[in-house]
Amino acid sequence: MKILVTGGAGYIGSHTCVELLDEGYEVVIVDNLYNASKKVIRRIPQITGKNVGFYEADIRDYSQMSHIMNKEQPDAVIHFAGLKAVGESVEKPLAYYENNISGTLTLCKAMQESGCKNIIFSSSATVYGNPAVVPITEQCPKGACTNPYGWTKHMLEQILTDIQKADPDWNVILLRYFNPIGAHKSGLIGEDPKGIPNNLLPYVTQVAIGKHPYVRVFGNDYETPDGTGVRDYIHVVDLAKGHVKAIDKIKEHPGIKIYNLGTGKGYSVLEVIGAFSKACGKEIPYRIMERRAGDIAICYSDATLAKKELGWEAQFDLLDMCRDSWRWQSTNPDGYGEE
Ligand code: NAD
Ligand code: WQD
């Protein structure tokens with residue numbers, strides 16, 4: 001069975017390609033390398049001992065996508081490609097709507113015309129907005145997003161739902177990720193943010209290697225046990241395995257399905273810093289700062305539906321996630337570096 005992976009050279013995509021290849025799938029990546037390194041394309045075979053197909057192409061380019069879909073004839077598409085920086089999306093809404101929405105429409109058009117109507121889409125817990133209750137189940141109503149990035153996920157979920165409704169030959173699985181962190185145990189692939197990281201874990205790892213003096217903790221006056229924000233951090237390899245399970249599900253012709261991919265547990269910023277200090281063997285300095293605009297206090301999943309219907313649940317704990325992030329960061333201090 002052949003799987004086409006858009007954005008497969010990126011952080012979550014690369015880990016998913018590894019798990020797919022390990023499970024015996026044929027994998028073809030389409031990535032424009034906007035936020036990824038070509039080195040990933042060499043490291044995936046290094047880890048798995050298997051070849052991976054690669055097209056340096058933009059999903060917004062219909063003629064290229066149509067050519068690729070018709071030539072490769074994949075059985076399903078896992079669609080990761082997109083822009084994902086929350087703050088940047090507020091500055092550049094047009095770029096985000098254009099890349100994420102137009103790109104997905106073009107991809108779906110090329111899929112439909114080539115006869116492939118199976119898609120697994122990278123959505124996000126951000127679609128829940130500020131949840132009324134935690135843990136968050138898939139039935140929890142979607143909320144108002146606080147940034148254009150979040151709205152692209154919100155809208156794309158609706159667009160894919162409508163495409164499936166109009167043509168029941170389509171199978172659509174929307175996966176709502178919580179907070180992916182960690183890296184492959186080989187230390188060969190991991191998260192490589194450009195510039196100063198916005199997300200907590202990459203910032204913590206950069207403090208650990210001395211690129212920043214301390215972690216800025218955004219607020220300690222939330223209604224949480226220690227006052228800092230609580231999130232459902234999930235090991236990227238667990239997340240990647242969730243996609244393999246979603247491929248199993250799509251073979252059953254399920255129509256439209258939505259699953260949370262999280263661990264079901266929440267950890268505070270201070271707990272993350274504590275776990276990372278343990279993993280890297282040195283104290284990570286931090287300072288309490290003002291709250292960050294747009295942040296919510298608590299967000300963690302109810303992960304029971306994915307367990308029940310996909311037979312998937314996260315295996316790794318917070319210390320595993322920190323240990324693997326640290327291995328990646330300490331052996332690749334500048335990420336993938338220059339080509
Ligand atoms: P990433 O930036 O590492 O990967 C995205 C990949 O898509 C990159 O390799 C980039 O070069 C590629 N890409 C972007 N626009 C493209 C285009 N027009 N054509 C072809 N390729 C294009 O991000 P990631 O963290 O691996 O996230 C993957 C997906 O998961 C994204 O859709 C993201 O929104 C979603 N997601 C991520 C998180 C997270 O915290 N990392 C959480 C929830 C959802
Ligand atoms: C986690 C916690 C911060 C940085 C974002 C997106 C979301 C999803 C995942 C894609 C919060 C605190 C952070 C720092 C800190 N992405 N923090 N100091 O905000 O839960 O989610 O990434 O879909 O859409 O919004 O993740 O890692 O930025 O923050 O104290 O330097 O860490 O306040 O409580 P977030 P995050």
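Bear in mind these aren't lab numbers, they're just calculated from the coordinates by the rules spelled out. The shown structure was predicted, so the numbers you read here are calculated from the model rather than taken from an experiment. Note: ideal-geometry Cβ built from the backbone for every residue, glycine included; neighbour counts use all protein chains shown.
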Rg(Cα) / (2.2 N^0.38 Å) computed for the stretch 17-57, rounded to two decimals: 1.10
Glu91-Lys142 pseudo-label distance in nm [points 7 Å out on the Cα-to-Cβ vector]: 2.7 nm
Two-site FRET efficiency, Arg291 against Ala132, from Cβ-Cβ distance with R₀ of 25 Å, rounded to 0.05: 0.80
Partners for Lys211 among lysines (Cα-Cα distance below 26 Å; same-chain residues under 8 apart left out): Lys38, Lys39, Lys84, Lys185, Lys194, Lys278, Lys282
Of Val86, Val244, Val28, the one that fluctuates the most in a GNM where the chain has Cα springs shorter than 10 Å: Val86
Hydrodynamic radius (Kirkwood) for the stretch 150-264, which is based on Cα pairs only, to one decimal in Å: 17.1 Å
Lys, Arg +1 and Asp, Glu -1 on Cβ, resulting dipole of the chain about Cα centre, debye, nearest 20: 320 debye
Distance between modelled label sites at Ile209 and Ile196, nm, 7 Å Cα→Cβ extension: 1.8 nm
Residues of the stretch 308-331 with amide N under 20 Å of a point placed 7 Å along Cα→Cβ from Glu252: 308-314
Tensor-based shape of the stretch 257-299 (alpha-carbon gyration tensor, a/c under 1.5 rounded, otherwise prolate or oblate): oblate
Most to least packed among 258-264, 246-252, 30-36 [average Cβ atoms within 10 Å]: 258-264, 30-36, 246-252
Packing-based order for 37-49, 129-141, using average beta carbon neighbours within 10 Å, highest first: 37-49, 129-141
Extension gain (nm, one decimal) between Arg216 and Gln46, 0.36 nm per residue minus Cα-Cα: 57.6 nm
Overall form of the stretch 275-339 per C-alpha gyration tensor (a/c, 1.5; a/b vs b/c): oblate
Met1 paired with Ser63, simple spin-label distance in nm, labels 7 Å along Cα-to-beta-carbon: 3.4 nm
Computed FRET value (nearest 0.05) for Glu23 with Leu319, which takes r as the C-beta separation and R₀ as 22 Å: 0.25
D_trans [Stokes-Einstein, Kirkwood Rh over alpha-carbon pairs] for the stretch 205-258, 10 °C, 1.306 mPa s, µm² s⁻¹: 105 µm²/s
Given charges at beta-carbon only (K, R positive; D, E negative), |dipole| of the stretch 55-111 in Debye: 120 debye
More than 23 Å apart - percent of Cα-Cα pairs taken over the stretch 39-168: 44 percent
Cα gyration tensor shape for the stretch 221-339, rounded if a/c is under 1.5, else prolate or oblate: oblate
Aspartates and glutamates whose Cα lies under 18 Å from that of Lys117, excluding same-chain neighbours fewer than 8 positions away: Glu26, Glu72, Asp75, Glu157, Asp162, Asp167, Asp169, Asp248, Glu252
Hypothetical label at Asp169: residues of the stretch 47-79 whose amide nitrogen lies under 16 Å (7 Å Cα-Cβ projection): 70, 73-77
From phi via Karplus (6.51, -1.76, 1.60), per-residue ³J(HN,Hα) for the stretch 143-159 in Hz, x at Gly/Pro: x, 6, 7, 9, 7, x, 3, x, 5, 4, 5, 4, 5, 5, 4, 5, 4
Proximal lysines relative to Lys142, as straight alpha-carbon distance under 18 Å, when same-chain residues fewer than 8 apart are discounted: Lys153, Lys257
Unit Cα scatterers, Debye sum, the chain: log10 I(q)/I(0) for q = 0.08, 0.12, 0.13, 0.15 Å⁻¹: -0.35, -0.82, -0.98, -1.35
Charge dipole (the stretch 93-190, unit charges on Cβ, about Cα centre) - positive-most of Thr152, Pro168, Gly129: Gly129
